[in-house]
Every structure is written in structure tokens, then in C-alpha cells.
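One structure is given below, encoded as C-alpha cells.
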Ligand SMILES: [Zn+2]
């Protein structure tokens, strides 16, 4: 593992975290990085500065090499029109299954929240391996993810490993597929030991099942043609609208304010007319 010093660029952006309450997985919501989005812009210029030229996909990520924010990006890949070819593997050695274990929770909706990763069962102290070759962008504690590592890979993807008990690598480390990067754990908003694993491109999550066979612990294909289909689920999520409950609010007041019926609010949120609202609670109204 080679350490490359990459403390050069810090670009702030917004992110939003939420959580939910499901046993054995996260007890609070996990990363929804979709509050603000802009049109996709992908540049193709080649960078010649040695230090940053080592950062995979530096230009595609708008020169953003942020070592403090887990989700610093702000793009909308639901609007992409072209197919982006991403090489996942040239040989069997180019991919390593991070943790072999049962799936505790899949990518997708959990109750009313979207779970942007896959939860893999493990024991505290189990090895967590890098999935692909790349450079570690994030290795820090996050209140939701707990100890979390994000790796920017040579193929353009970023993978995220959360709820870790111990770091075995640090920001700037160059890792190969299969290198030990951390030990599994139960840190952050987690109800039990597991690995929360995400795959993202330019910050936008894709379903890890799109590329990885979690039953057999291997890739499904050697090259991924990334298209807007990989992000179609986000179109539905982003249509949804939420209202944050304030002091004195009631379902009837929210219904009037948002021009919907109380029945619709109850249906959208899985609550009853008599449910007690909490200040700051997000109520979906569309
Ligand atoms: Zn999870």
C-alpha cells in the first residue's frame, strides 16, 4: 500500500443524512445525497500536475478531491444522455469482495426511506477489503456512517464502507483490490455489526447489485455501460416532497397548507390520523 500525499483540494458542498429504525442494520437513516442537484457536466481535459494526476477521474469529478465531506458532489445523473463505459475488471485480481456474509438489508426503500447501500453481516473485527484499486479519499468518523472509508477507484467509481471498528488505512493511501482497509464494526447509527457498502459515480449511488454478485462474491461483468437507467430510481425519489413539522403543526394544518387531504398524508407516511407529530419530523406530502 503506497501513501500518496493528496491533501491538496477541499471543495465544500452540501449533503443530507437521514436515518431509520430497522433492527440489525442502520438504526437511523443512511445517506440521502440528493437535496440539491445540478446538470451533469463531465470534462475531458487531461491534467498534467503530477500530484493530482494520480487521483483517479480527477477531472470527471470536477477537480473535487474532498477529504472531509463524505458526499461533496452535486450532480444529477438522471439527466445523462450518453452511456459512460466504466472498466470494472481486466482480470480476476481487479475485484475483491469486501466482506463475505449474509445480506441484512438490500438497496432500496426501507419503510419510507431509501437505503443507498447494501448491509452485509459481519462480526466486529472482521477484515474489510478494498473492492477495487484506488486511493482513499475519506477515512473519518461520521455520526451516521460511524467510521467510514471512501475510495476513489481507477474505474471512476467510489465505494463506501461504513460502521467500521478500526481503520487499517488512511486518506491518501493507494490500495489494490483486496487490500485490508479496515475492520468491521458497529459504529455510527447501527443496530448491530455489519458493513454498509455503497457504490457511487460522481456521488450518485448505483445499486451495488448492478455490478456485484453478492451470493458468489464476484463481479457480474467486466465493463459497465453506465446510463440514466442506473439512476432511474432517483427520478422517483426526487419527485417526492417533504414538509418539516414545526411547533403547533397538526396533520390537518399541514394538509391545508400543502393542498392535500389528511388521508393522503397518512397514506404517504404510513401513519394514522391520531399519530403524534414530532417537531422536525419530515412529512411527505407528494
Ligand atoms: Zn446500510
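Each value in this text was obtained by applying a stated rule to the coordinates, not by laboratory testing. Predicted model, so just to flag it, every value in this text is computed and none were measured. When we count neighbours, we look across all protein chains shown, and the Cβ atoms used for this are built from the backbone with ideal geometry, even at glycine.
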Task: Ascending count of other beta-carbon atoms within 10 Å, so fewest first, for 196, 90, 97, 153 - done: 90, 97, 153, 196
Open item on the list: For region 78-149, report the % of Cα-Cα distances exceeding 14 Å.
Closed with: 76 percent
Open item on the list: Just to confirm my numbers, what's the Cα centroid distance between region 258-286 and region 137-208 in Å?
Closed with: 34 Å
Task: Overall form of region 241-284 per C-alpha gyration tensor (a/c, 1.5; a/b vs b/c) - done: rounded
Task: Gyration tensor verdict on region 192-266 (Cα atoms; rounded if a/c is under 1.5, prolate if a/b is larger than b/c, oblate otherwise) - done: prolate
TODO: Sort 113, 218 so that the residue with the fewest other Cβ atoms within 10 Å of its own Cβ comes first and the one with the most comes last.
DONE: 218, 113
Task: Fewest-first ranking of 124, 75, using other Cβ atoms within 10 Å as the exposure measure - done: 124, 75
Task: Two-site FRET efficiency, residue 240 against residue 59, from Cβ-Cβ distance with R₀ of 25 Å, rounded to 0.05 - done: 0.15
- [ ] If a/c stays under 1.5 just call it rounded; otherwise compare a/b with b/c (prolate if a/b is bigger, oblate if not). Do that for region 120-256, with a ≥ b ≥ c from the square roots of the Cα gyration tensor eigenvalues.
- [x] oblate
Task: Cα centroid separation, region 96-118 to region 223-255 (Å) - done: 19 Å
